[in-house]
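Only the coordinates and a few stated rules stand behind these numbers; no lab work does. This is a predicted model, so every value here is computed, not measured. Please note: Cβ atoms are built from the backbone with ideal geometry, for glycine as well, and neighbour counts cover all protein chains shown.
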Amino acid sequence: MSFLPASGPARRLALMALAVCVLSVAAAVVAFVEGSFVGIVWVLMAGISSNMAWFYVRRAQQQSQQQSRHDAQRAGAAG
């Protein structure tokens, strides 16, 4: 089973949020190495974007489960 949802808008949003998370972690590391406390903002952005990625992954999984249940109910009613 894949971590990411099937192709569609939820997958693209999850990948973009994951990319923002990785880039903000890298920016936080660079900021802290240079002695800047601006890294705190980057850490907060990493937290928000990781939560967004999980949200879109879980939402897509729940939608696919609901769709498969709906398809199973329709197949049971037809047969």
Pseudo-spin-label distance residue 61 to residue 32, built 7 Å along Cα→Cβ, given in nm, is 2.8 nm
With angles folded into 0 to 90 degrees, how steeply does helix 39-78 sit against the dominant principal axis of the chain? Use alpha carbons for both and round to 10.
0 degrees
